[in-house]
1. Can you tell me which of (1) within 13 Å of the chain's Cα centre (by Cα); (2) modelled with pLDDT of 85 or more is the one residue 57 doesn't meet?
2. Test residue 35 against the criterion of being modelled with pLDDT under 85 and open to solvent by 40 Å² or more (accessible area, probe 1.4 Å), and give yes or no.
3. Can you find, within segment 2-16, the residue that is most open to solvent (accessible area, probe 1.4 Å) among those that are out of contact with any strand residue (DSSP E or B) (no Cβ under 8 Å at 6 or more places or on another chain) and at pLDDT below 80?
4. What tally of residues in segment 44-96 results from selecting those that are among the polar types (S, T, N, Q) and within 28 Å of residue 8 (Cα to Cα)?
5. Of (1) surrounded by fewer than 12 Cβ atoms within 10 Å (Cβ to Cβ); (2) more than 17 Å from the chain's Cα centre (by Cα); (3) at pLDDT 80 or above, residue 95 satisfies all except one. Which?
Amino acid sequence: MKDEKIDLLLCPSTVARAMPHSLPVQMPNTVLFPTILWTAMNFPAGVVTVGSWNEMDEAALEFYPGKGLVENAIKRGCKNSVGLPLSVQLVAPSFR
């Protein structure tokens with residue numbers, strides 16, 4: 001990142017809105033990579049709330065494709081979530 005003069009990366013923090021504690025254990029570990037990967041590479045990261053799940057998100061969930069294990073778990077876990085936070089992850093090199 002330093003060689004490319006990149007100060008900060010804006011990344012997804014999770015695959016969905018804030019998840020119930022039981023939801024991540026129902027998915028493959030690769031779903032957690034957006035946060036685990038940066039920690040493993042010793043890049044500090046922080047999660048920032050950028051909005052919240054609203055009625056339009058809830059209505060759109062009806063049309064979300066439930067075609068696999070992850071998609072089905074997200075669809076189940078996101079129902080009745082109005083008001084829960086949506087976030088992004090900020091990643092920077094160490095000591096920056």
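The values are calculated or read from the model by the stated rules, or taken from the named source; none is laboratory data. Worth saying up front: this structure is predicted, and the values here are computed from it rather than measured. FYI the Cβ positions are ideal-geometry reconstructions off the backbone, even for glycines, and counts take in every protein chain you see. These area figures cover heavy atoms from the full protein model, side chains too; ligands, DNA and RNA do not enter into them. Shrake-Rupley method; radii C 1.70, N 1.55, O 1.52, S 1.80 Å.
1. Condition not satisfied by residue 57: (1).
2. In short, yes.
3. Step by step, filter segment 2-16, then rank; the result is 15.
4. Adding up the residues that qualify gives 5.
5. Tallying (1) surrounded by fewer than 12 Cβ atoms within 10 Å (Cβ to Cβ); (2) more than 17 Å from the chain's Cα centre (by Cα); (3) at pLDDT 80 or above, residue 95 fails exactly one: (3).
For every residue, the table says whether it meets (1) in contact (Cβ under 8 Å) with a residue 60 or more places away in the chain; (2) open to solvent by less than 50 Å² (accessible area, probe 1.4 Å).
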| site | (1), (2) |
| --- | --- |
| 56 | no, no |
| 60 | no, no |
| 67 | no, no |
| 74 | no, yes |
| 79 | no, no |
| 85 | yes, no |
| 90 | yes, no |
